[in-house]
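*Asks:* Quick one: structure below, then a few questions.
The values are calculated or read from the model by the stated rules, or taken from the named source; none is laboratory data. Nothing here was measured: the structure is a model prediction, and the numbers come from that model. Cβ atoms come from the backbone with ideal geometry, glycine included; neighbour counts cover every protein chain shown. Quick note on the areas: whole protein, heavy atoms, side chains included, nothing else; ligands and nucleic acids left out. Shrake-Rupley method; radii C 1.70, N 1.55, O 1.52, S 1.80 Å.
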Amino acid sequence: MKQSAPKPPEPPPASFDSLGLSEVMMKALESAGYEYPTPVQAGVIPRALAGVDVLGQARTGTGKTASFVIPILEGLQLKSDIHHPQALVMVPTRELAVQVRDEAIKLAAGRKVHCVAVYGGKPIREQIDKLKRGAQIVIGTPGRVLDHLARGTIDFSKLKFVVLDEADRMLDIGFRPDIERILRRCPDDRQTLLLSATVPPAIAKLAERYMRTPETLNFSPADISVDTIEQFYFTVDPQRKFELLLRLLVRERPKQGIIFCRTKRGTEKVFLRLQKKSKDPRIVAAIHGDMNQSARDRVMSAFRAGKIRFLVATDVIGRGIDVSSISHIINYDIPAFCDDYVHRVGRTGRMGREGVAYTFVAPDEGYELTRIEERINRLLKRDEIKDFDPHARERSGLPIGDRPVNLGPKGSDGAAGSGDPAATPPPPPTSLQRRPPKRYRKAL
Ligand code: ADP
Ligand code: MG
């Protein structure tokens, strides 16, 4: 048999081993199931270990958290007193504080490290007690961190690391004065790491002012949207959006999905309607800024555990949150800012998994769609649902009916093909079709 010419060997992937990590770190990585560093990790970790200030830019879902958590853990002095935090990580949302803390705890396996998350919406007392018990790593939202500083319940005089995670988002939502106030209270000889999906001029300025000759490492390819995500749009009249959502869910049977709405009220409405329509109302939940923190925490952990399949959300959770089994993102309302599109869609396709994103576009929102397409440098594909009229004409379309529908993932009880009539879309409309029940005619 003719032998084909041998292919040139592929360059070996960087290994965690080659980054010069400690044995205990290697073990923790192994039990976390991290075999190879992601590009941002391979780039940031060695520089951070060398004591350099780093501004790391990489798109969402590429492992930025471990890229700063690993050097912090390697740099902690575990023998020194535990009442002076050695690392401060600032994050824009409460959910992220919890997520980063959990990642730090996971990667700290085998070491005695106290990680405390401080964020608003939870009684400050509890956090003070935790801090009193010791904290080498503090992860917090700027407001609450300042609060602790003002009360004297946190002492940053021995900080070695300061991290700004999701820096672009923090500046977006007006944390800048808080961040600067906190940074001024941190020792000058600390090491500063800044992680961001984008580096707008405001971040560059902040970096210039508060970092020591930072090195910028950019891992964002020109195409900022995750390649493994298929992206579609539907044109639909606002009054028909909910019906479209139901049809889409029945067609797709997502494993797990987030339905993004623009406002808290809209989120609540879609959530209630969806819950009413679902055979198993427990699989649907909402999350938005009006909910108290413990309710938000409960929802997020149930979502992470896969107990909740559909999360109706505002952009409050559009950034940074990592739930790897999300298969579908549905932009029920087109995002107001195109950056939010990138972040919402980045909730799926995590770590190279496949995902799909659908955006509902009202007839007068073409401009928004174009701006998104320009931003991601790619055209969204047009989609439509068979036998569904997206226009709110009287008598048009067929409502999905009054029966609850099975919104379970493919292959679940009553899934398409299993014979459950509720699982399959209704037959195409006939000319004798009755008017949709009143509640479907109402605009959202
Ligand atoms: P980012 O902050 O860039 O959005 P995250 O730090 O949230 O990304 O990481 C995304 C997901 O990838 C998380 O579930 C994390 O546990 C996982 N992950 C991170 N690094 C690795 C790795 N080296 N190998 C495998 N999975 C990883
Ligand atoms: Mg992150």
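*Asks:* Those residues that are basic (Lys, Arg) and open to solvent by 30 Å² or more (accessible area, probe 1.4 Å), I need them from region 50-70; list them, please.
*Replies:* Once the filter is applied, which keeps residues that are basic (Lys, Arg) and open to solvent by 30 Å² or more (accessible area, probe 1.4 Å), region 50-70 yields only 59.
*Asks:* Name the single residue, out of those in region 15-34 being near ligand 1 (Cβ under 10 Å from one of its atoms) and assigned to a loop (DSSP other than H, G, I, E, B), that is least open to solvent (accessible area, probe 1.4 Å).
*Replies:* If we take residues in region 15-34 being near ligand 1 (Cβ under 10 Å from one of its atoms) and assigned to a loop (DSSP other than H, G, I, E, B), then 16 is least open to solvent (accessible area, probe 1.4 Å).
*Asks:* Here's something else I'd like to know. If you take the residues of region 182-224 that are outside any loop (DSSP other than H, G, I, E, B), modelled with pLDDT of 95 or more and not hydrophobic (A, V, I, L, M, F, W, C), which of them is farthest from ligand 2 (Cβ to nearest atom)?
*Replies:* Checked region 182-224; the qualifying residue farthest from ligand 2 (Cβ to nearest atom) is 191.
*Asks:* Please go through region 35-49 and give me each residue that is open to solvent by 70 Å² or more (accessible area, probe 1.4 Å) and either in contact with a Cys (Cβ under 6 Å, 6 or more places away or on another chain) or not in a helix (DSSP H, G or I) (or both), ordered by number.
*Replies:* Answer for region 35-49, where residues must be open to solvent by 70 Å² or more (accessible area, probe 1.4 Å) and either in contact with a Cys (Cβ under 6 Å, 6 or more places away or on another chain) or not in a helix (DSSP H, G or I) (or both): 35, 36.
*Asks:* Please list, ordered by first then second residue, the pairs with beta carbon atoms under 6 Å, 6 or more apart or interchain, first in region 296-308 and part of a helix (DSSP H, G or I), second charged (D, E, K, R).
*Replies:* 300/95
*Asks:* Report, ordered by the first and then the second residue, all pairs with beta carbons closer than 8 Å, sequence separation of six or more or different chains, a first member in region 281-293 that is within 23 Å of residue 255 (Cβ to Cβ), and a second member that is exposed (fewer than 15 other Cβ atoms within 10 Å of the Cβ).
*Replies:* As it stands, the answer is 282/307; 283/307, since those pairs meet every condition given.
*Asks:* Let me ask another. Is it the case that region 313-320 has a residue that's basic (Lys, Arg) and open to solvent by 20 Å² or more (accessible area, probe 1.4 Å)?
*Replies:* No - not one qualifying residue is present in region 313-320.
*Asks:* Could you tell me whether region 73-88 includes any residue that is open to solvent by less than 50 Å² (accessible area, probe 1.4 Å), in a helix (DSSP H, G or I) and within 15 Å of ligand 2 (Cβ to nearest atom)?
*Replies:* The answer is no, given that none of the residues of region 73-88 is open to solvent by less than 50 Å² (accessible area, probe 1.4 Å), in a helix (DSSP H, G or I) and within 15 Å of ligand 2 (Cβ to nearest atom).
*Asks:* Residue 131 fails exactly one of the following numbered conditions: (1) surrounded by 24 or more Cβ atoms within 10 Å (Cβ to Cβ); (2) closer than 29 Å to residue 299 by Cβ; (3) more than 16 Å from ligand 1 (Cβ to nearest atom). What is the number of that condition?
*Replies:* (1) is the only condition that residue 131 fails.
Every residue, every condition in (1) part of a helix (DSSP H, G or I); (2) more than 16 Å from ligand 2 (Cβ to nearest atom), yes or no:
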| site | (1), (2) |
| --- | --- |
| 62 | no, no |
| 98 | yes, no |
| 121 | no, yes |
| 126 | yes, yes |
| 134 | no, yes |
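*Asks:* Answer with yes or no whether residue 342 is open to solvent by less than 50 Å² (accessible area, probe 1.4 Å), modelled with pLDDT under 90 and either touching a His at 6+ places or on another chain (Cβ under 8 Å) or not in a loop (DSSP other than H, G, I, E, B) (or both).
*Replies:* So residue 342 passes the test.
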